[in-house]
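Just below is one structure, and these are the notes that go with it.
The values are calculated or read from the model by the stated rules, or taken from the named source; none is laboratory data. Quick caveat: nothing in here was measured; it's all calculated off a predicted structure. Glycine gets a Cβ as well: all are built from the backbone with ideal geometry, and neighbour counts include every protein chain shown. For the accessible areas, the whole protein counts, side chains as well, though only heavy atoms, and no ligand, DNA or RNA atoms are used. Shrake-Rupley method; radii C 1.70, N 1.55, O 1.52, S 1.80 Å.
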Amino acid sequence: PHLAALVLARGGSKGIPLKNIKLLAGVPLIGWVLRAAIDAGVFHSVWVSTDHDEIEKVAKQFGAQVHRRSPEVSQDSSTSLEAITEFLNYHHEVDIVGNIQATSPCLHPSDLIKVVDLIQKEGFDSVFSVVRRHQFRWSEVKKGENKMTEPQNLNPAKRYRRQDWPGELYENGSFYFAKRHLIEKGYLQGGKMAYYEMRAEHSVDIDIDIDWPIAEQRVLSFGYFGKEPLKEVKLLVCSIDGCLTNGRIYVTEDHKEMVSYDYRDIVGIDLLKKRGIQVRVISDRDCSKTLSAMQLGCVAKVSVTNKLQILKDWQEDMGLSWKEVAYLGNEESDVECLKQAGMSGVPADACAAAQKAAGYICKSRGGCGAVREFAEHIFLLLEKVNSARKQ
């Protein structure tokens with residue numbers, strides 16, 4: 001049977017505008033679940049259903065196919081079931097739909113693989129995700145009602161200790177898998193049903209703005225970053241023009257060039273060095289005098305015609321794997337380096353090709369703190385590496 005992953009991502013989010021492609025820990029929100037779905041390797045196709053051009057562009061960037069949904073199922077009042085049904089009407093080859101929520105960025109491929117086994121090997125018609133919670137519930141008393149609240153799942157005279165109570169299962173909205181015949185009858189849950197219990201730390205849902213900073217920290221700690229395990233970064237290579245500087249060149253009347261840079265980026269470079277990470281800089285043009293004036297204390301290569309070759313030479317000379325190399329670039333000449341490096345980033349104003357190739361998109365523009373921000377991102381991921389080693 002044809003099993004399709006389907007992410008619903010319309011452009012009209014009310015809580016957070018264009019929430020589905022807003023950057024979360026440097027990656028568009030929808031990118032986290034698309035990466036997990038594609039790397040799981042169990043889907044015959046991976047789709048995004050959207051009504052928005054920018055969401056379509058990001059979906060294709062992460063390797064998904066796009067179904068352009070109709071205005072009729074793109075309203076605030078439209079349900080997920082309506083959008084999924086429309087998708088099936090256009091894709092008769094699909095037998096099973098795995099509806100994955102874009103707002104669950106801590107989803108891992110291993111979860112999806114186990115769910116598919118429940119359907120394909122154990123014969124379940126529908127499977128949905130749940131999380132275990134240890135929360136005591138009480139009945140609601142509406143304003144003006146003359147009555148007392150009542151306990152719903154506890155005896156107040158004998159409250160459970162957490163370790164003595166298994167808790168309760170709640171839908172966490174991360175995914176809903178269902179066979180076509182159920183969906184065509186108007187159900188996402190039905191037939192022979194099963195739940196899949198996700199780990200609490202992987203159960204993250206983003207609905208409103210205040211969820212965002214919490215979700216970023218959770219993703220950095222528990223998110224899925226790719227098939228290969230993270231390694232400790234030992235070299236950062238940074239493009240000078242457009243990353244360390246804003247790319248502007250000021251020319252005086254006596255033909256001298258001047259550029260500006262942000263002191264925060266210099267601090268970022270110093271912090272990287274203190275952590276034992278070598279920092280080297282690279283440029284397409286001859287900016288030797290500028291580098292001399294900045295006094296970075298970094299190995300530099302200027303007037304470069306092939307940045308990737310220089311990067312390979314440095315990587316081999318230092319005896320590093322690509323997973324130990326980070327690269328910050330912003331132009332088309334940086335694209336191959338961004339693809340090759342184990343950790344890659346671009347400033348917010350990088351060209352489209354560079355943004356597409358990068359693993360992290362800074363909130364800061366080039367020459368305005370992007371290097372410092374990327375350094376902080378490296379530090380956070382190194383914490384994840386160290387934590388994994390301890391475990």
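Could you give the length gained by full extension between THR252 and TYR90, i.e. 0.36 nm per residue of separation minus their alpha carbon distance, to one decimal place?
Numbers: separation 162, 0.36 × 162 = 58.32 nm, distance 6.17 nm.
In short, 52.2 nm is gained.
Please arrange THR85, THR245 by accessible surface area, largest first, computed with a 1.4 Å probe and ligands excluded. Show your work: numbers first, answer last.
Values: THR85 45, THR245 0 Å².
So, going from the largest accessible area down, we get THR85, THR245.
Hey, of [x] 23, 42, 26, 10, 0; [y] 19, 39, 25, 13, 3, 1, 0; [z] 24, 47, 25, 4, 0, which did the structure itself give for P(r) over Cα pairs in 20 Å bins from 0, in percent when calculated?
Only one option fits the structure, namely [z].
To the nearest 10 degrees, how steep is helix 80-90 against the longest Cα principal axis of the chain, on a 0 to 90 scale?
Between the helix axis and the principal axis of the chain, the angle is about 80 degrees.
Please give the contour-minus-distance gain from TRP138 to LYS363: 0.36 nm per residue of separation, less the Cα-Cα distance, rounded to one decimal in nm. Don't skip to the end; give the middle numbers.
Values: separation 225, 0.36 × 225 = 81.00 nm, distance 4.24 nm.
That works out to 76.8 nm of additional length.
Using a 7 Å offset from the Cα along the Cα-to-Cβ direction at both GLN189 and ASP284, what is the distance between the two label points in nm, to one decimal?
5.4 nm
What relative contact order, as a whole-number percentage, does region 212-279 give when Cα pairs under 8 Å and 6 or more residues apart are counted? Each step should come with its number before you reach the end.
Working: 41 pairs, mean separation 19.9, N = 68.
Once normalised by length, the contact order is 29 percent.
How big is the accessible area of TYR261 in square angstrom, nearest 10, if you roll a 1.4 angstrom probe over the protein chains?
Estimated to the nearest 10 Å², TYR261 gives 100 Å².
Can you give me the % of accessible surface on the chain that is carbon or sulfur? Probe 1.4 Å, all protein chains present, nothing else counted.
Values: 9510 of 19760 Å².
Answer for the chain is 48 percent, counting heavy atoms of protein chains only.
In a shell of Cβ-Cβ distance under 14 Å around LEU244, excluding LEU244 itself, what net charge do Lys and Arg (+1) and Asp and Glu (-1) give?
Working: positive: ARG248, ARG264, ARG280, ARG285, LYS301, ARG365, ARG372; negative: ASP241, ASP262, ASP265, ASP270, ASP284, GLU331, ASP334, ASP349, GLU373.
After counting each charged neighbour, the total is -2.
Counting only DSSP beta bridges with both residues in region 235-389, what percent are antiparallel, rounded to the nearest 5?
Numbers: 3 of 20 bridges.
Given both bridge residues lie in region 235-389, the antiparallel proportion sits at roughly 15 percent.
Quick one: how many Å² of LYS256 are accessible to a 1.4 Å probe, rounded to 10?
Estimated to the nearest 10 Å², LYS256 gives 130 Å².
Which pairs, out of LYS22/LYS256; LYS19/LYS273; LYS312/LYS356; LYS179/LYS339; LYS114/LYS234; LYS121/LYS384, put more than 30 Å between their alpha-carbon atoms? Don't jump to the answer; show the numbers that get you there.
Values: LYS22/LYS256 41 Å; LYS19/LYS273 36 Å; LYS312/LYS356 21 Å; LYS179/LYS339 37 Å; LYS114/LYS234 36 Å; LYS121/LYS384 34 Å.
Going by Cα-Cα distance, LYS22/LYS256; LYS19/LYS273; LYS179/LYS339; LYS114/LYS234; LYS121/LYS384 fall outside the 30 Å limit.
Can you give the accessible area of ASP76 in Å² (nearest 10), computed on protein heavy atoms with a 1.4 Å probe?
Looks like 100 Å² after rounding.
Lys/Arg Cβ at +1, Asp/Glu Cβ at -1, dipole of region 1-131 taken about the Cα centre: which of HIS91, LEU24, CYS106 is farthest positive-ward?
LEU24
Please give the calculated 222 nm ellipticity per residue for the chain, where each DSSP H segment of at least 4 residues contributes -39500 (n - 2.57) and the sum is spread over every residue; nearest 500 deg cm²/dmol?
Values: 12 runs with 124 residues, N = 391.
Value at 222 nm, helices only, nearest 500: -9500 deg cm²/dmol.
Which length gain, in nm to one decimal place, applies between GLU316 and LYS274 when the Cα-Cα distance is subtracted from 0.36 nm times their residue separation? If you can, show how the numbers build up before the last one.
Details: separation 42, 0.36 × 42 = 15.12 nm, distance 2.27 nm.
Here the segment from GLU316 to LYS274 would lengthen by 12.8 nm.
Kindly sort CYS351, CYS106 by accessible area of their heavy atoms, largest first, with the probe set to 1.4 Å.
Values: CYS351 30, CYS106 0 Å².
The ordering from most to least exposed comes out as CYS351, CYS106.
Defining a contact as two alpha carbons under 8 Å apart and six or more residues distant in sequence, what relative contact order in percent does region 6-87 show? Each step should come with its number before you reach the end.
Details: 110 pairs, mean separation 24.5, N = 82.
Here the relative contact order equals 30 percent.
Quick check: from the Cα gyration tensor, does region 126-185 come out rounded (a/c under 1.5), prolate or oblate? Could the numbers behind the result be given before it?
On the way: a/c = 4.07, a/b = 1.65, b/c = 2.46.
Verdict is oblate for region 126-185.
To test your reading of the geometry: what angle, between 0 and 90 degrees and rounded to tens, separates the Cα axis of helix 109-120 from the longest principal axis of the chain?
Value to nearest ten degrees: 30.
Before I look further, what does region 235-389 give for accessible area per residue, probe 1.4 Å, in whole square angstrom? Let's see the in-between values first.
Values: 7460 Å² over 155 residues.
With all protein chains present, region 235-389 gives 48 Å² per residue.
Quick one: angle between helix 211-222 and the longest Cα principal axis of the chain, in degrees between 0 and 90, rounded to 10, please.
So the helix axis and the longest Cα principal axis differ by about 80 degrees.
With an 8 Å Cα cut-off and a minimum separation of 6 or more residues, compute the relative contact order for the chain in percent. All intermediate terms of the calculation are to be shown ahead of the outcome.
Numbers: 739 pairs, mean separation 58.0, N = 391.
Result for the chain is 15 percent.
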